[in-house]
Amino acid sequence: MTFSVPPAKRSKRRLAVGLASILAPLPVAAVLLVLGLFGSLVWVYLSILVSILWIPLLVVGVVLLARPPKTGWHFNPPPGWPAPPVGWSPPPGWAPDPAWPAPPSDWNWWKPAAP
């Protein structure tokens, strides 16, 4: 019996927001800087402001891309087994108590988390 958790998928929305948080402010700041070179100094100040605000956006983007996604699966004990605590999953090498009844042959060990 294997009790490994099914692999989690990173959402496309999380990937898009992470990349946009990192990359989007740079061209905006560059355009504002160029506008400031040929026009009002207000554009230069806005470019500096966007550049300063980019630092927290960079942190948010890196966190969104680096943090592992939630698995979205819960351990599903077979009939006759005690209910596990909320959020519990079998550690590596875990084996059920031999006194517990055998699970059905087609038992699904993991069920999707409720939305």
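The values are calculated or read from the model by the stated rules, or taken from the named source; none is laboratory data. Keep in mind that what you see is a predicted model, and the values were worked out from it rather than measured. Virtual Cβ from ideal backbone geometry, glycine too; neighbours counted across all protein chains shown.
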**OP:** Examine the range 100-109 for a residue that is closer than 30 Å to Ile22 by Cα and hydroxyl-bearing (Ser, Thr, Tyr), and state whether such a residue exists.
**Re:** no
Subject >> Condition met for Pro90 (of a type outside the set (S, T, N, Q), surrounded by 10 or more Cβ atoms within 10 Å (Cβ to Cβ) and not in a helix (DSSP H, G or I)) >> reply: yes
Original post:
Looking at (1) modelled with pLDDT under 85; (2) surrounded by fewer than 15 Cβ atoms within 10 Å (Cβ to Cβ), which is the one condition that is false for Pro79?
Top reply: (1)
Original post:
Would it be correct to say that Pro84 is part of a loop (DSSP other than H, G, I, E, B), touching a residue at least 40 places away in the same chain (Cβ under 8 Å), surrounded by 10 or more Cβ atoms within 10 Å (Cβ to Cβ) and in contact with a strand residue (DSSP E or B) (Cβ under 7 Å, 6 or more places away or on another chain)?
Top reply: no
**OP:** Check whether at least one residue in the range 105-112 is on the phi > 0 side of the Ramachandran plot, assigned to a loop (DSSP other than H, G, I, E, B) and free of Cβ contacts under 8 Å to residues at least 40 places away in the same chain, and report yes or no.
**Re:** no
**OP:** Residue by residue through the range 93-110, note down the ones that are surrounded by 11 or more Cβ atoms within 10 Å (Cβ to Cβ) and within 30 Å of Lys12 (Cβ to Cβ).
**Re:** Trp109, Trp110
**OP:** Would you point out which residue out of Leu32, Leu41, Leu49, Leu15 is surrounded by 14 or more Cβ atoms within 10 Å (Cβ to Cβ) and modelled with pLDDT of 85 or more?
**Re:** Leu32
Original post:
If a residue has to be closer than 30 Å to Lys12 by Cβ, free of Cβ contacts under 8 Å to residues at least 40 places away in the same chain and of a type in the set (Phe, Trp, Tyr) to count, how many in the range 32-73 make the cut?
Top reply: 1
Original post:
Leu65 fails exactly one of the following numbered conditions: (1) at pLDDT 90 or above; (2) among the hydrophobic types (A, V, I, L, M, F, W, C); (3) not in a loop (DSSP other than H, G, I, E, B). What is the number of that condition?
Top reply: (1)
